[in-house]
Structure formats: structure tokens, C-alpha cells
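The values are calculated or read from the model by the stated rules, or taken from the named source; none is laboratory data. Small disclaimer: the values here were computed from a predicted structure and weren't measured. So basically every Cβ, Gly included, is an ideal-geometry build from the backbone, and we count neighbours across all protein chains shown.
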């Protein structure tokens, strides 16, 4: 008997579409985001397990149940979700008002229908609460620190999400976190041990990696989703402007929501008179983003706090040196700054709240050790974030969660 694993969380249809053979035409987009859940699903299927995946999509509201598509050993359930957080959604209040009760019930119904041996829920919110309610063995992976998110984004919506997470930690039985920083940030919420298993990288990221030589001109990439203080883009943009004044051939390529042509970032840069050398790509499909990053020479990541930082790990796998925050949550752990190694670390970490420090760090990252940084990051990414290694770590946790049950041998 094959172990049947449920994966619940944000899952974009585009990342698992090639796994589907039945009912796949005209599927809704699912839950857009990073491809990590799709990477895990793909690897578990490759290893021979049966997988049912559960996500939500507001375009389905008020559909009476999930849309289902299937492939070999794989079922994909997309459940309806309310599009509005506060205002009425036809005959339902906003999803924040009742703590995502409608969404949790939809997910619960789909999970009970699929009836996997174990459910692996990502993020400590509606997906985890639905998994816990089924009574099935479960593993919950923590991708953010709810208190830190609330501290940086003070709003009623984030307060409700925080309370949902506290219920998850109170009721949940098995937990993992995507970094040491995350594990330490949430361990006090639960008496259960929280194991560290990082996010997996897509194979198309890893396969594009290479060791790089120091370029004659600086071509820098920055990926930010959102124009907010936590992402800290203004200091980075001003730091690049300082470099560009001395090196007019240098370029900064900007990706993510609010970083497209005519969007918030470009408007602000034009108002400040610092837009020279900046190319505003905006929101970019993931494979295309990886292709474009692969043509660049360095990743600038000014975020003040990261629970993991997938784009940093992706840049490492591509062989790009990194400039990022020395106190930005999980960043030092992801880049391996604290490890004893014969190789120079792939990143130059600095105080990213100070534009002069960012500019100096960028200059340092292009020094005579550039290739060593490229090699160090590439090596660490292959060792730490490859899909097979991550999947095997999760399988070990599935075994732990299922110890009290009669289960198939895995």
C-alpha cells in the first residue's frame, strides 16, 4: 500500500499543471506565490507516493465545493475562498471577520473527501486549522512568525491572523520551520519540538546554476513584492543611485509587485531624480524571473526581516553573490554566514537601513573574492535546498507523526 500524503497551502496551478491529466483544462489559477509547494508535490510523486493537494482560489466563490483535477497518483483540489476580507461577499461576511471560517470548512470538506494518511499544512493559518480539524495525523510548517508580521504590519487583519496562528500552535501536534530563526521565533508558542527543514528550490533553478567570474560592469537584481517599510526598498534604490553616479554603465533590474513601469517604485524614483540605470520589470512569472536573474551579477535584498528568503536561496543556486541584511531574520542562516568554512561566504551582509552601508557592501561584493562568493553560495544551495534532500527530511517527520498509527512502510 502506497502512503497517501496531503499537501495543503498556497499552490499555484501553473506549478503543478504538468502533473495533471484529467480535468485540467480551464482550471483557475489557484493560490499564486512561490513554487515551493509545487516543488515538494513533484518530488513526492517522483519518489512514488500518492499525493492529494489542497488550496484556495477566490475566483471560485461561491462555488458549492472544490474543483478537482487529477494525474497519476495525484489529485488537486481547489477550494472556493471569499475575495473580500472585510466587506460582504454576497451572503457571507468578509473572511477576516469570522477568522476564515468559510475557507476552513471548504478545505476541511475536501480533505475528508480525499482522506490521506497524513496532511502536511503550510503556514499556520487556515490551511493548518483545517488539517487539524480533520483529526488526521498532520505536520504544520511555519513559514512566518505571526508576532513579527503583526509588529511590522499593525492592522486588524494581521491581528486576526495572529490569533489564528495561536490556535494552530495550541492544537497542533507536529511542527517544522523553514529556518533556525523561524524555529526560535515560534518555539515558545508550543511545547512540541519544532524541527528545521528549509524550503526546496525548483530543479529549473538548480540546473541553471554556475560559478561566475567578476564582471566588468555591475548588473544587479532586486526582487521585492510590495512597496512597504518591511521590504525596505527606498534605502536600496538610493544606494544604487549613489553607485550609478560613479558607474553610469551599471544597472539595477527591479522585479515584483509595485516595481513595474509606472508603479509605485518608479514613480518614487522619478520624484527623487534617481531613476537612471533602473529597469522596472514588475511582477514576473517565476520561470521568467529565474531566467532574468541568471543574466545578472548580484542579488540585492534589502528586506528588514525574512523568515527564510526564497529568492536569496535561488540566487545562491544560480551562483549570484548576495548583499542583504546582517540582522534580517533568517538571512545569515540561509547564506551560511555563521558556518565555519574554508570558502568565503556567498553574501556581504550589512545594516540595510543605511544607504551608505548598502552601497559599500555592493562594492565589496564585486571585489577580488567575487568568484569565491559565487562558488560558496552555489555549493551551499545544492547541499541545503535540493528537492530530494528536503523531501526526505519531510518524510522522516511524516514517519514521526504516524508512529502511533498502523501505516504503510515508507
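Some observations on this one:
- Qualifying residue in the stretch 276-285 (condition: surrounded by fewer than 17 Cβ atoms within 10 Å (Cβ to Cβ), in contact (Cβ under 8 Å) with a residue 60 or more places away in the chain and not assigned by TED's automatic domain parsing to the domain that holds residue 34): yes
- Qualifying residue in the stretch 375-385 (condition: surrounded by fewer than 22 Cβ atoms within 10 Å (Cβ to Cβ) and within 16 Å of the chain's Cα centre (by Cα)): yes
- Looking only at the stretch 280-326, and only at residues there that are within 19 Å of residue 383 (Cβ to Cβ), part of a loop (DSSP other than H, G, I, E, B) and touching a strand residue (DSSP E or B) at 6+ places or on another chain (Cβ under 8 Å), the one that is modelled with the lowest pLDDT: 309
- Residues within the stretch 178-209 that are outside the structural domain of residue 307 (by TED's automatic domain parsing) and without any contact (Cβ under 8 Å) to a residue 40 or more places away in the chain, tallied: 9
- Of the strands (runs of 3 or more DSSP E) contained entirely in the stretch 54-170, those carrying at least 3 residues that are farther than 17 Å from residue 28 by Cβ fall at 118-122, 138-142.
- Hits in the stretch 239-271 (condition: farther than 14 Å from residue 300 by Cα and touching a residue at least 60 places away in the same chain (Cβ under 8 Å)): 242
- Beta carbons closer than 7 Å, at least 6 apart along the sequence or on distinct chains, pair a first residue in the stretch 58-78 that is within 15 Å of residue 111 (Cβ to Cβ) and assigned by TED's automatic domain parsing to the domain that holds residue 9 with a second that is surrounded by fewer than 16 Cβ atoms within 10 Å (Cβ to Cβ) and at pLDDT below 95 for 68/23.
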